[in-house]
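Engineer: One structure coming up, written as structure tokens, with questions to follow.
Computed from the coordinates by the stated procedures, all read-outs in this text should not be read as laboratory data. Computed from a predicted model, the values in this text were never measured in an experiment. Here the Cβ positions follow ideal geometry from the backbone for every residue, glycine too, while neighbour counts run over all protein chains shown.
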Amino acid sequence: MSNTATLIRNGRVITASDDYVADVLMRDGVIHTIGHRIATGDDVAVVDATGLYVLPGGVDIHVHLENVIGPTITCDTFASGTRAAAFGGTTTIVDFALQTQANSPLGAIARAQRSAESQVAVDFSLHVIVTRVDEQVLQDVRHAMHHEGVTSFKMFMAYPGVMMADDAAIFRMLRQVGADGGMVALHAENGTVIDLLIKEALQAGHTSPRYHALTRPAILEGEATNRGIRLAELAGAPIYFVHVSSNQALKHIVAARAEGIPVFAETCPHYLLFDDSVYNSDAVEIAKYVMTPPLRTADDQKHLWRALRYDDLQVIATDHCPFCMKEGHLGYRMQKMRGKDDFSLIPNGAPGIETRLASLFDIGVMQGKLSLNRFVELTATTPAKLFGMFPRKGTIAVGSDADVVLFDPSATQTVQAENLHGNCDYTLLEGRVLRGRVEKVFLRGTLIVDGLQWLGREGMGRFVPRGEVRAF
Ligand code: DUC
Ligand code: ZN
Ligand code: ZN
């Protein structure tokens, strides 16, 4: 008889709130039973997880796979990016569907779903990037929320003339989406002042990648964050800040939360792993660290850790936005080297989808900065709650999807781009030794990663229709 169920025997089950040794039976794609010495029949495959952590599959709510960004495209497809996600222990991603100036949010969702569905190897959903707001767009947004299972919308306060929405547009979205139970996610940087600083830097002959950081100072992240908070307060809506990098932004978030305003925020592993000392060079190689916002100071990093610990930051997502360093790698054009003589042309973003859990386990849990429960909460449970996927995703509980990671806390690994599973030709973590390793990954009960072996399949991931945010 072939196996129709899998029993994970004797692992240490870690959720956002619990930590205990148990057996976990997965059947029909969901977690069927959790208990002790669960009896098995011939139809059940048994996996011994003694000494391993049994974690809910990671939920990464900020990734860019085959996203068209300006004149180029991120170098991971839905296939390569989700395979990499799976090897890193992430079983659900939320990507972006871009509403161009011409199309509607609904067209954007349909287009992104079409490309994703045949390729994804883990489950997925989409936020819509809304760049233009009028009555029709607001109607479409309402339709997306109530009929398409898309309940979050990203807006930019940066990139004037490309993605930036003005304050009135952001306010209109906050008011409606908040009232309907959804979430607006904001990229908070003062785009018009940044554009002026970039123009002035280039006019002064400052063209090397380090000027990316110098023209995007933290104070402009702080100013925009405060403006976003005030707009949300007026709208009576929750708000979510993506990629928070600085204490200038954080201090407004902390103050607003203390006032009782429903403000939520993520940071990303790169802001915890690196600081702005990497920009102390005119070498073109530092283009690999050109992401937005840029890396900040070691002092900012201390504040990010404090906020993660005390719940002023609730999510760690990757902002996986990969561009190759070598022009033409796998055929990708106009990647990082496009900006070798003009930093403003470097596509903004870095890879990270595969290394999120292991790197955070190493620098967070192993260094005593995060408890195991908090690690799970930040990387799986809260993102699932804030974006309408809980309890189907983000936890190990009876009835939840059987997205399960077996994680070996005593193994080590050395990160090398050539051993990762995405398309990008570099990793920011090259050569770094990490404690902890993903051993096995199950997607809805099916084993898709077994050590170094890939057992997943393109197209096996499913779209996850999302509900209301669970913010409180
Ligand atoms: N913001 C993102 O969230 N990702 C890539 C670039 C950017 O500005
Ligand atoms: Zn952004
Ligand atoms: Zn992003």
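Engineer: How much FRET efficiency would the formula 1/(1 + (r/R0)^6) give for Ile219 and Met366, where r is the Cβ-Cβ distance and R0 is 30 Å, rounded to 0.05? Walk me through the intermediate numbers first.
Structural biologist: Numbers: r = 34 Å, r/R0 = 1.12.
So the FRET efficiency works out to roughly 0.35.
Engineer: Could you line up Asp195, Asp180 from fewest to most neighbouring Cβ atoms inside 10 Å?
Structural biologist: On the way: Asp195 17, Asp180 14.
Fewest to most other Cβ atoms nearby, the residues stand as Asp180, Asp195.
Engineer: Could you line up Thr412, Thr72 from fewest to most neighbouring Cβ atoms inside 10 Å?
Structural biologist: Numbers: Thr412 12, Thr72 17.
Lowest count first: Thr412, Thr72.
Engineer: Which residues in the stretch 180-212 have a backbone N closer than 20 Å to a point placed 7 Å from the Cα of Asp167 along the Cα-to-Cβ line?
Structural biologist: Those under the cut-off are 184-197.
Engineer: For the stretch 369-466, what's the relative contact order in percent, using C-alpha pairs closer than 8 Å and at least 6 residues apart? The partial results should precede the final answer.
Structural biologist: Numbers: 130 pairs, mean separation 22.1, N = 98.
Result for the stretch 369-466 is 23 percent.
Engineer: Hey, another quick one. Just grab the label-to-label distance for Asp28 and Asp299, each label 7 Å out from Cα along the Cβ direction, in nm (one decimal).
Structural biologist: About 5.8 nm separates the two model spin labels.
Engineer: So how strong a dipole does the stretch 170-221 carry about its Cα centre when Lys and Arg Cβ are +1 and Asp and Glu Cβ are -1, to the nearest 20 debye?
Structural biologist: 20
Engineer: Output the antiparallel fraction of DSSP beta bridges having both residues in the chain, as a percent to the nearest 5.
Structural biologist: Details: 34 of 70 bridges.
Percent antiparallel among DSSP bridges in the chain is about 50.
Engineer: From Cα coordinates alone, what are the radius of gyration and Dmax values for the stretch 357-472 in angstrom?
Structural biologist: Reported Rg and Dmax, both Å: 15.5, 42.
Engineer: Same structure again: Under 25 Å from the Cα of Lys340, which lysines turn up, not counting those fewer than eight places away in the same chain?
Structural biologist: Lys199, Lys288, Lys326
Engineer: Please give the length that would be gained between Arg230 and Val68 if that part of the chain were fully extended, namely 0.36 nm times their separation in residues minus their C-alpha to C-alpha distance (nm, one decimal). Don't skip to the end; give the middle numbers.
Structural biologist: Working: separation 162, 0.36 × 162 = 58.32 nm, distance 3.10 nm.
Separation in residues times 0.36 nm, less the Cα-Cα distance, equals 55.2 nm.
Engineer: Sort all Cα-Cα distances of the stretch 89-148 into consecutive 5 angstrom bins from zero, then give the percent of pairs in each bin up to the one containing the longest distance.
Structural biologist: Going out from 0 Å in 5 Å bins, the stretch 89-148 shows 4, 18, 29, 23, 14, 8, 4, 1, 0 percent.
Engineer: Can you tell me the Rg and the Dmax, both Å, for the Cα atoms in the stretch 179-321?
Structural biologist: Reported Rg and Dmax, both Å: 15.6, 49.
Engineer: PRE reach from Leu455 (point 7 Å along Cα→Cβ): which of the stretch 1-25 fall under 19 Å by backbone N?
Structural biologist: Answer for this model: 1-12, 23-25.
Engineer: Around Asp123, under 10 Å between beta carbons, what's the net of Lys plus Arg minus Asp minus Glu among the other residues?
Structural biologist: Working: positive: Arg392, Lys393, Arg444, Arg462; negative: Asp401, Asp403.
Taking every other residue near Asp123 into account, the sum is +2.
Engineer: Here is a further query. Mind giving me the FRET efficiency for Lys326 and Arg111? R0 is 35 Å, r the Cβ-Cβ distance, nearest 0.05 is fine.
Structural biologist: On the way: r = 29 Å, r/R0 = 0.83.
So the FRET efficiency works out to roughly 0.75.
Engineer: Using a simple charge model, +1 on the beta-carbon of Lys and Arg, -1 on the beta-carbon of Asp and Glu, nothing else, what dipole does the chain show about its Cα centre, in debye to the nearest 20?
Structural biologist: On the way: 44 positive and 53 negative charges, 56 e Å.
About 280 debye.
Engineer: On average, how much area does the Cα convex hull of the stretch 136-260 cover when viewed from any direction, in nm²? Show your work: numbers first, answer last.
Structural biologist: Numbers: hull surface 33.5 nm².
The number I arrive at for the stretch 136-260 is 8.4 nm².
Engineer: Full extension from Ser281 to Gln136: what is 0.36 nm times the residue separation minus their Cα-Cα distance, to one decimal in nm?
Structural biologist: Values: separation 145, 0.36 × 145 = 52.20 nm, distance 4.84 nm.
Computed gain between Ser281 and Gln136 is 47.4 nm.
Engineer: Moving to a separate point now. Of the peptides 341-353, 132-144, how do they stack up when ordered by the mean number of other Cβ atoms within 10 Å, highest first? Please list the in-between numbers first.
Structural biologist: Numbers: 341-353: 22.0, 132-144: 17.0.
By packing density, highest mean first, the sequence is 341-353, 132-144.
Engineer: May I pose another question? If you scale each eigenvalue of the Cα gyration tensor by 5 and take the root, what three semi-axes come out for the chain, rounded to whole angstrom and sorted largest first? Don't skip to the end; give the middle numbers.
Structural biologist: Working: eigenvalues 239, 125, 92 Å².
Gyration-tensor ellipsoid for the chain: 35, 25, 21 Å.
Engineer: For Tyr310 and Asp42, what does the FRET efficiency come to when R0 = 45 Å and r is the distance between their Cβ atoms, rounded to the nearest 0.05? Present the calculation step by step, with values, prior to reporting the outcome.
Structural biologist: Working: r = 50 Å, r/R0 = 1.11.
Computed FRET efficiency for Tyr310 and Asp42: 0.35.
Engineer: Where does each of 113-119, 84-90 land if you order them by average Cβ count within 10 Å, highest first?
Structural biologist: Numbers: 113-119: 15.6, 84-90: 28.6.
Those peptides, ordered most packed to least, come out 84-90, 113-119.
Engineer: Now for a different question. Would you pull out the residues with amide H under 5 Å of Leu370's amide H, same chain only if 5 or more places away, H placed 1.01 Å from N?
Structural biologist: Residues meeting the criterion, in which the H sits 1.01 Å from N, are Val365.
Engineer: Okay, next question. Mind listing the Cα extents of the stretch 217-268 along all three principal axes, in Å, largest one first?
Structural biologist: Dimensions of the stretch 217-268 along the principal axes of its Cα atoms: 29, 19, 17 Å.
Engineer: Taking the chain as the reference, fit the longest principal axis to its C-alpha atoms, fit the long axis of helix 105-117 to the helix C-alpha atoms, and give the angle between the two in degrees, 0 to 90, nearest 10.
Structural biologist: Compared with the principal axis, the helix lies near 40 degrees.
Engineer: Also, I was wondering about something else. So for Ile109, Ile61, Ile316, Ile198, fewest C-beta neighbours within 10 Å to most, what's the order? Spell out each step's value before the answer.
Structural biologist: Values: Ile109 22, Ile61 25, Ile316 30, Ile198 19.
Ordered by Cβ neighbours within 10 Å, fewest first: Ile198, Ile109, Ile61, Ile316.
Engineer: Report the equivalent ellipsoid semi-axes for the stretch 13-108 in whole Å, largest first, defined as the square roots of five times the eigenvalues of the gyration tensor built from alpha carbon atoms. All intermediate terms of the calculation are to be shown ahead of the outcome.
Structural biologist: Values: eigenvalues 301, 39, 35 Å².
Each semi-axis is √(5λ); the values are 39, 14, 13 Å.
Engineer: OK, next. What size of dipole, in debye to the nearest 20, comes out for the stretch 132-208 about its Cα centre when the only charges are +1 on Lys and Arg C-beta atoms and -1 on Asp and Glu C-beta atoms?
Structural biologist: On the way: 6 positive and 10 negative charges, 17 e Å.
So the dipole magnitude of the stretch 132-208 works out to roughly 80 debye.
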